[in-house]
1. Name, by its number, the condition in (1) without any contact (Cβ under 8 Å) to a residue 24 or more places away in the chain; (2) over 13 Å from the mean Cα position of the chain (by Cα) that does not hold for Tyr59.
2. Got a sec? Which strands (runs of 3 or more DSSP E) wholly within the range 46-121 have at least 1 residues that are touching a helix residue (DSSP H, G or I) at 6+ places or on another chain (Cβ under 8 Å), open to solvent by less than 70 Å² (accessible area, probe 1.4 Å) and among the β-branched types (Val, Ile, Thr)?
3. Just the residues that are of a type in the set (Ser, Thr, Tyr) and surrounded by fewer than 16 Cβ atoms within 10 Å (Cβ to Cβ), please, taken from the range 7-45.
4. Hey, could you check the range 1-23 for residues that are farther than 13 Å from Thr115 by Cα and among the β-branched types (Val, Ile, Thr) and say which is farthest from the chain's Cα centre (by Cα)?
5. I want to confirm something. Restricting to the range 19-35 and keeping residues that are among the hydrophobic types (A, V, I, L, M, F, W, C) and out of contact with any Asp or Glu (no Cβ under 9 Å at 6 or more places or on another chain), which single residue is nearest to Tyr94 (Cα to Cα)?
6. How many residues does the range 62-76 contain that are within 17 Å of Arg100 (Cβ to Cβ) and within 14 Å of the chain's Cα centre (by Cα)?
7. Assess whether Phe67 counts as being without any contact (Cβ under 8 Å) to a residue 60 or more places away in the chain, of a type outside the set (Ser, Thr, Tyr) and touching a Phe, Trp or Tyr at 6+ places or on another chain (Cβ under 9 Å).
Amino acid sequence: QVQLVESGGGLVQPGGSLRLSCAASGRIFSINAMGWYRQAPGNQRELVARITGGGATNYADSVKGRFTISRDNAKNTVYLQMNNLKPEDTAVYYCNADVRSVRGFPERNYWGQGTQVTVSS
């Protein structure tokens, strides 16, 4: 099995910054794409940012220029640097990863448990 554990959420004032981390552990042969999603109360879960195994990235239009996704393959960890945060960024942020546990077997998609980000004065 594979576990994704997020950290770094919290309460921040508008204009502030936070850095989220997500570490994958367990039976891991390789990790392909990793990403961050968020879900605000009453809303559907939406993609925030995604990074492929090769380092290509894509972002939701609402966070372009403010958020940066990166990864450390040696640590099986993905990060989300969030700058100039706005109240509308308030949500539970979830980590997601496509993991191959055994060479030659298909990838499986995993989710973390979520971390709360609240932007408020």
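1. With respect to (1) without any contact (Cβ under 8 Å) to a residue 24 or more places away in the chain; (2) over 13 Å from the mean Cα position of the chain (by Cα), Tyr59 is out only on (2).
2. 46-51, 115-119
3. Quick first cut of the range 7-45, residues of a type in the set (Ser, Thr, Tyr) only: 7, 17, 21, 25, 30, 37.
Those that are of a type in the set (Ser, Thr, Tyr) and surrounded by fewer than 16 Cβ atoms within 10 Å (Cβ to Cβ): Ser7, Ser17, Ser25, Ser30.
4. Among them, the one singled out is Val12.
5. My answer is Ala24.
6. Final tally of qualifying residues: 2.
7. Here the answer is yes, as Phe67 does meet what is asked.
The values are calculated or read from the model by the stated rules, or taken from the named source; none is laboratory data. Keep in mind that what you see is a predicted model, and the values were worked out from it rather than measured. For neighbour counting, all protein chains shown are included, and Cβ atoms are generated from backbone atoms with ideal geometry for every residue, glycine included. Just so you know, the surface numbers come from the protein's heavy atoms only, side chains and all, with ligands and any DNA or RNA stripped out. Shrake-Rupley method; radii C 1.70, N 1.55, O 1.52, S 1.80 Å.
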